[in-house]
Amino acid sequence: MPEIRKHRADPSGVLDADVQLLRRAGVSEEDITHCRKVAHKAVEIARRTCQPLDMNLIVRGALFHDLGKAKTHAIEHGKIGAKLGRSLGLPEAVNDIMEKHIRGGLTDREAVELGLPEKDYRLKSLEERIIIYADRLVDILTDGAVEKDAEAEERFEEILSQNVKYGKNDLTLQRYLAYHREIQGLIRRACA
C-alpha cells in the first residue's frame, strides 16, 4: 500500500499515474471515465462488506479492467488487455482480472463457444467478484436504467433479468445474480 502514498491519488485510491498509463496505452477518455467509476464503486462496495480485502488490487483491477479497449471493444478485449498489461509491467493479479472479467468469468467451454482460448476464466476471489459487480452497476447507472446508486443495487436482479444487454445469456445472468446475492449478503451482515 505504500505506493499509493507516494503518488497523487483520489479518495478511492486511483493513482494519477495509472490514469496516465491508460491514456498512453490509447484508452479513450470515455472508457477511462467508465473505469474510474468502476474503481470508485468497487472500493465503496468493498468497504461496505467489512471483509479483509486487497484494496490496492480492487482499485487497480477495476481501473485497468477495460485496458484492452485501447485496441478493441469486442469480446477479446479482456485477453488483449491482459497481454497489454503484461507488456506494461502490471501485476499478474491485475492482468488476470482483465482477462477474466468478460461476462463475469467464463467456463472453459463458454470461452471456446465465444471464440476465446480454452481456459477457465471463472472468478475465484471476492476482489474479482466485487470488481465485476461494480462494473455491471456502473453500466446500469451510466445507461440511465436507474438514477441512484442504491436503486441500481435494489433493482439489480430485476434489471438484469429484464434486459439481455446486462445479463447476456442465462449462464452469464446467473453468475451476475450470484455475485449480487453474495456481496449484498456480506453488506447486510456487516451492517447488522
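Listed values, structure above:
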read-out	value
Hey, Ile4 at pLDDT below 95 and either among the β-branched types (Val, Ile, Thr) or crowded, with 22+ Cβ neighbours inside 10 Å (or both) or not	yes
When residues of the stretch 15-65 are limited to those that are surrounded by 15 or more Cβ atoms within 10 Å (Cβ to Cβ) and among the basic types (Lys, Arg), the one nearest to Gly89 (Cα to Cα)	Arg60
Residues of the stretch 66-123 that turn out to be exposed (fewer than 14 other Cβ atoms within 10 Å of the Cβ), part of a loop (DSSP other than H, G, I, E, B) and not aliphatic (A, V, I, L, M), as a count	7
Answer from Ala82, Ala39 - the residue that is among the aliphatic types (A, V, I, L, M) and over 11 Å from the mean Cα position of the chain (by Cα)	Ala82
Selection status of Gly13, small (Gly, Ala, Ser) and assigned to a helix (DSSP H, G or I)	no
Residue that is nearest to His77 (Cα to Cα) [pool: residues in the stretch 121-143 that are among the charged types (D, E, K, R) and either at pLDDT 95 or above or under 16 Å from the mean Cα position of the chain (by Cα) (or both)]	Asp135
The stretch 144-156: number of residues that are assigned to a helix (DSSP H, G or I) and at pLDDT below 95	2
The listed residue being under 21 Å from Leu141 (Cβ atoms), β-branched (Val, Ile, Thr), part of a helix (DSSP H, G or I) and over 13 Å from the mean Cα position of the chain (by Cα), out of Val27, Val19	Val19
The stretch 49-60, residues that are under 17 Å from the mean Cα position of the chain (by Cα) and within 17 Å of Ile187 (Cβ to Cβ)	Thr49, Leu53, Met55, Ile58
Residue satisfying condition, being of a type in the set (D, E, K, R) and without any contact (Cβ under 8 Å) to a residue 60 or more places away in the chain, within set Arg48, Arg24	Arg24
Residue match in the stretch 183-192 (condition: closer than 24 Å to Gln51 by Cβ, at pLDDT below 95 and part of a loop (DSSP other than H, G, I, E, B))	yes
Candidates Ile58, Ile32 - the one that is β-branched (Val, Ile, Thr) and in contact (Cβ under 8 Å) with a residue 24 or more places away in the chain	Ile58
Test: Val38 is in a helix (DSSP H, G or I) and modelled with pLDDT of 95 or more	yes
Residue in the stretch 142-188 that is surrounded by the fewest Cβ atoms within 10 Å (Cβ to Cβ), counting only those that are more than 30 Å from Asp108 (Cβ to Cβ) and touching a residue at least 60 places away in the same chain (Cβ under 8 Å)	Thr142
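The values are calculated or read from the model by the stated rules, or taken from the named source; none is laboratory data. Being a predicted model, the structure only gives us computed values, none of them experimental. Please note: Cβ atoms are built from the backbone with ideal geometry, for glycine as well, and neighbour counts cover all protein chains shown.
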